[in-house]
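Novice: Dropping a structure here in structure tokens format, bear with me for questions.
The values are calculated or read from the model by the stated rules, or taken from the named source; none is laboratory data. Fair warning: this is a prediction, and the values are worked out from it, not measured in the lab. All Cβ positions, even for glycine, are placed from backbone atoms using ideal geometry, and neighbour counts span all protein chains on display.
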Number of protein chains: 2
Amino acid sequence: MKQSTLFTKTRREAPKGEVSRNAGLLIRAGYIHKEMAGVYSFLPLGLRVLNNIGVIIREEMNAIGGQEVLLSGLQNPELWKRTGRWDDAVVDNWFKTKLSDGTEVGLGHSHEEPLTALLTEHLSSYRDLPKAIYQIQGKFRNELRAKSGLLRGREFIMKDMYSFVRTPQELDSFHEQAVQAYRNIFSRAGIGDRTFRTFASGGSFSKWSDEFQMLCDAGEDTIYLHRERELAVNREVYTDEVLAELGLDKHELEEVRAIEVGNIFKLGTRFSESLGLTFTEEGGGKKPVLMGCYGLGLSRLMGAVAEALSDEKGLRWPKALSPFALHLVMLPGTGAKESAEALYGTLSARGVSVLYDDRDISAGAKLADADLLGIPYRAIVSPRTVEAGNIELMERVGGEARMVSEAELFSLS
Amino acid sequence: MKQSTLFTKTRREAPKGEVSRNAGLLIRAGYIHKEMAGVYSFLPLGLRVLNNIGVIIREEMNAIGGQEVLLSGLQNPELWKRTGRWDDAVVDNWFKTKLSDGTEVGLGHSHEEPLTALLTEHLSSYRDLPKAIYQIQGKFRNELRAKSGLLRGREFIMKDMYSFVRTPQELDSFHEQAVQAYRNIFSRAGIGDRTFRTFASGGSFSKWSDEFQMLCDAGEDTIYLHRERELAVNREVYTDEVLAELGLDKHELEEVRAIEVGNIFKLGTRFSESLGLTFTEEGGGKKPVLMGCYGLGLSRLMGAVAEALSDEKGLRWPKALSPFALHLVMLPGTGAKESAEALYGTLSARGVSVLYDDRDISAGAKLADADLLGIPYRAIVSPRTVEAGNIELMERVGGEARMVSEAELFSLS
């Protein structure tokens, strides 16, 4: 894509009132737009990052048998009343609205109820199980405070998967498969080395849950990390009893701040019993289906990466998340534009995903924009490189630059 | 995909209270689930259809320069007050809700206001124009009556594009480009021969608009069609004056029922003036940006196709929309399962998108399900075909069957 055609522009300062680092940088770079506190729109570059995260998540969810759906945002109160979660005193972050006939309906903050109810029409026998069903969808949560940019939004994009199984053994087994799938996702997203499985509270659903916490000083959570064992304990359950259960020695743990980038729960029969999701066993007799849920915020992951991997110059995308594989920057002067145009044509034809900065503005402004946008590889075509007959390739992380031939750029895709 | 693993099941009857043909069939076939009147969730097969429509739309929008974004559902009332569209007396289908501090916010039924306001931060000069920006996103409209299934929902998936230009000539020119892009979309979606550009009212925005109406007896609209000129007039503007302007002779027109599957408007400066979206002209001086909008409901298109192209046995998807290219149906008996499994493996490896009915149920039930699901090509592997050493290939439309070799199936993708 030619940068001159992109409708977004970079800006020097974050808008007033935007206190978070992640949203501040993403707004300055033209990836997102703030509609109101905790509500952001995704502009072309930001949507590309979100879509890249979506591709990784879909592949990993499909690999463990996930079937994708897209449930509605509007929520039927009848289902939530049956599980006792309609009341604002029980769930304190509902957005509610009214149909034109006055009936109150909710906006989905999670989808256990509608999916469990839906499945009563499709599952009935032990032969129909196990199943795993997921969606990538906009969620609405009426947060009291929303000052962390994409890390805690009133509206955000989330992947939520739900598993439906027959036995506690199947539930445990799928839980561990999901843990591995999550590890794959964070590894592919470029944050595997700083993201740790974390023992946490199960909230209102179960005794414990597994969080995935990415180390970051701006995180809302405090965790106690055993680096060698790649395991952590959330402060909320940091007790001698839990440490003993996990075989962790207090003195080997570091207290660190982190951002929760994923959370998986065993729900048991909490929802299936209330909503009548049962199955007939092989030997006859009915049992409620056992369930698990597996959440991962795409927009939060985008925000977490922006928050943690950026530097004073701007964003620094891991390769798999970057909106483009390569930023081709033409620095104006004799022969540069012609040479850059030809290279852009060649790279595009070869299937390399390129953002081509063809703008006629100063070299300083272009390089500052490139730093801010944070594409991992930058190829510079200038009068100097044209004369030398090669291209300067620089990595955004580390800043190492070397002269390369055109052909060496083809491998970037 | 193996049909035995698909979590959805077909059903003989539509649920009580579902009066529309499109939703009735789609629910019976397991493509969608009704959450409440006018609110549907998309199950794996339905989501695949929706995604296929999305691929076509994105390609055609990108081809005319569209840049994709994803705007928020939650709407800031301040922007809508500035255009006079916050008041329920002006826009009668708002869903509104409240932030935890009591501030009222809306749910997006359309996105002229937020996008126009957003662009004031990115567009300023004649050099920044023209631009076209679109999204594919869930919309919310508080319809009084919602009895037409996917044709008129309270929540639905829509593509909305907005153009931003400098002159009335540019507006006209982009409008005609969009008309051609819409024609391409409907043609690729398999309804080109029954969808007509239709002269219609411009509502509150402009004098006229262009609708795309697909002929269907269940449609809400009455149009007057000139088949040879591939042009129609909506009853709402069917006057002698309009006919004269379009050069249409009343006696050459047919009165037919149709479903609106697309609608494009020239907005002029209706929104840019209220929201301060101006540009500096080449010779200096400021002008409000001219705008157009281009709507197309993905879920409505899916419903329209289900409504119009189905028969008494079930759905009949055009190739480009079908959830799978081929339905491989194994009819149990000597050698059939082994042969079908092998064929499924070969086809999958060749990249053919196949739904493989591997279930051990009666041939009658399997063929009835295949008719209901409506995949355009069906390959039958039975003891008889195994013995003959070939495969029976049948087309869902027309029902023509012929014996083919394995290799002949490879071209279906």
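Novice: Can you tell me which residues in the range B:81-101 are more than 12 Å from chain A (Cβ to nearest Cβ) and of a type outside the set (V, I, T)?
Specialist: Scanning the range B:81-101 gives B:K81, B:R82, B:G84, B:R85, B:W86, B:D87, B:A89.
Novice: Consider the range B:400-411. How many of its residues are assigned to a loop (DSSP other than H, G, I, E, B) and either basic (K, R) or in contact (Cβ under 8 Å) with a residue 60 or more places away in the chain (or both)?
Specialist: 1
Novice: I need the full set of residues from the range A:340-353 which are surrounded by fewer than 19 Cβ atoms within 10 Å (Cβ to Cβ) and either out of contact with any Asp or Glu (no Cβ under 7 Å at 6 or more places or on another chain) or part of a loop (DSSP other than H, G, I, E, B) (or both), in order please. Even if it seems obvious, please write down each step before you answer.
Specialist: First, pick out the residues of the range A:340-353 that are surrounded by fewer than 19 Cβ atoms within 10 Å (Cβ to Cβ): A:341-342, A:345-346, A:348-351, A:353.
Listed by number, the residues that qualify are A:E341, A:A342, A:G345, A:S348, A:A349, A:R350, A:G351, A:S353.
Novice: With more than 7 Å from chain B (Cβ to nearest Cβ), closer than 13 Å to B:L118 by Cα and surrounded by fewer than 24 Cβ atoms within 10 Å (Cβ to Cβ) as the only criterion, which of A:K9, A:K34 stands out?
Specialist: A:K34 is the lone residue from the list that is more than 7 Å from chain B (Cβ to nearest Cβ), closer than 13 Å to B:L118 by Cα and surrounded by fewer than 24 Cβ atoms within 10 Å (Cβ to Cβ).
Novice: Looking only at the range A:367-409, filter to residues that are of a type in the set (D, E, K, R) and out of contact with any helix residue (DSSP H, G or I) (no Cβ under 8 Å at 6 or more places or on another chain); which one of those is modelled with the lowest pLDDT? Explain how you work it out, then say what you get.
Specialist: Within the range A:367-409, the subset of a type in the set (D, E, K, R) is A:369, A:371, A:378, A:384, A:387, A:392, A:395-396, A:400, A:402, A:406, A:408.
Add one more test, that the residue is out of contact with any helix residue (DSSP H, G or I) (no Cβ under 8 Å at 6 or more places or on another chain), and what stays is A:369, A:371, A:384, A:387, A:395, A:400, A:402, A:408.
Working: A:D369: 98, A:D371: 98, A:R384: 95, A:E387: 94, A:E395: 96, A:E400: 87, A:R402: 94, A:E408: 91.
Here the answer is A:E400.
Novice: Limited to the range A:63-80, what total is found for residues that are in a helix (DSSP H, G or I) and at the interface with chain B (Cβ under 10 Å from one of its Cβ atoms)?
Specialist: 3
Novice: Take the residues of the range B:142-161 that are within 11 Å of chain A (Cβ to nearest Cβ) and under 26 Å from A:L50 (Cα atoms): which is farthest from the chain's Cα centre (by Cα)?
Specialist: Of everything passing the filter in the range B:142-161, B:E155 is farthest from the chain's Cα centre (by Cα).
Novice: Regarding the range A:61-68, can at least one residue be identified that is modelled with pLDDT of 95 or more, over 20 Å from A:Y182 (Cβ atoms), more than 17 Å from the chain's Cα centre (by Cα) and surrounded by 19 or more Cβ atoms within 10 Å (Cβ to Cβ)?
Specialist: no
Novice: Out of the range B:315-324, which residues are within 12 Å of B:L373 (Cα to Cα) and among the hydrophobic types (A, V, I, L, M, F, W, C)?
Specialist: Those that are within 12 Å of B:L373 (Cα to Cα) and among the hydrophobic types (A, V, I, L, M, F, W, C): B:L315, B:W317, B:F324.
Yes/no matrix, rows are residues, columns are (1) within 29 Å of B:E260 (Cβ to Cβ); (2) of a type outside the set (S, T, N, Q); (3) surrounded by fewer than 21 Cβ atoms within 10 Å (Cβ to Cβ):
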site	(1), (2), (3)
B:Y294	yes, yes, no
B:S299	yes, no, no
B:M302	yes, yes, no
B:A306	yes, yes, no
B:K313	yes, yes, yes
B:L321	yes, yes, no
B:A325	no, yes, yes
B:V329	no, yes, no
B:E338	no, yes, yes
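Novice: A follow-up question, please. I'd like the residue in the range A:263-285 that is in contact (Cβ under 8 Å) with a residue 12 or more places away in the chain and in a loop (DSSP other than H, G, I, E, B) and, out of all such residues, is nearest to A:T198 (Cα to Cα).
Specialist: My answer is A:T269.
Novice: Also: Among A:S299, A:S322, which is assigned to a loop (DSSP other than H, G, I, E, B), small (G, A, S) and under 21 Å from the mean Cα position of the chain (by Cα)?
Specialist: Answer to the selection: A:S322.
Novice: Mind checking which residues of the range A:363-399 are touching a residue at least 12 places away in the same chain (Cβ under 8 Å) and assigned to a loop (DSSP other than H, G, I, E, B)?
Specialist: Of everything in the range A:363-399, those that are touching a residue at least 12 places away in the same chain (Cβ under 8 Å) and assigned to a loop (DSSP other than H, G, I, E, B) turn out to be A:G374, A:I375, A:P376, A:S382, A:N390, A:R396, A:V397.
Novice: Going by the conditions given, is A:V91 farther than 30 Å from B:E104 by Cα and touching a helix residue (DSSP H, G or I) at 6+ places or on another chain (Cβ under 9 Å)?
Specialist: Considered against the rule, which asks whether it is farther than 30 Å from B:E104 by Cα and touching a helix residue (DSSP H, G or I) at 6+ places or on another chain (Cβ under 9 Å), A:V91 comes out as no.
Novice: Does B:V237 qualify as being crowded, with 16+ Cβ neighbours inside 10 Å and farther than 24 Å from B:Y162 by Cβ?
Specialist: Numbers: crowded, with 16+ Cβ neighbours inside 10 Å: yes; farther than 24 Å from B:Y162 by Cβ: no.
So B:V237 does not fit the description; no.
Novice: Then there's this: Could we say that A:L45 is of a type outside the set (S, T, N, Q), more than 7 Å from every other protein chain (Cβ to nearest Cβ) and under 22 Å from the mean Cα position of the chain (by Cα) here? Reasoning before the result, please.
Specialist: Working: of a type outside the set (S, T, N, Q): yes; more than 7 Å from every other protein chain (Cβ to nearest Cβ): yes; under 22 Å from the mean Cα position of the chain (by Cα): yes.
When the stated conditions are applied, A:L45 passes them.
Novice: Then there is this: Restricting to the range B:102-134, give me the number of residues that are at the interface with chain A (Cβ under 8 Å from one of its Cβ atoms), farther than 19 Å from B:G292 by Cβ and without any contact (Cβ under 8 Å) to a residue 12 or more places away in the chain.
Specialist: Of the residues in that region, 1 qualify.
Novice: Then there is this: Check B:D357 against each of (1) closer than 22 Å to B:L412 by Cβ; (2) surrounded by fewer than 21 Cβ atoms within 10 Å (Cβ to Cβ) and name the one condition it does not meet.
Specialist: Result: B:D357 passes all but (2).
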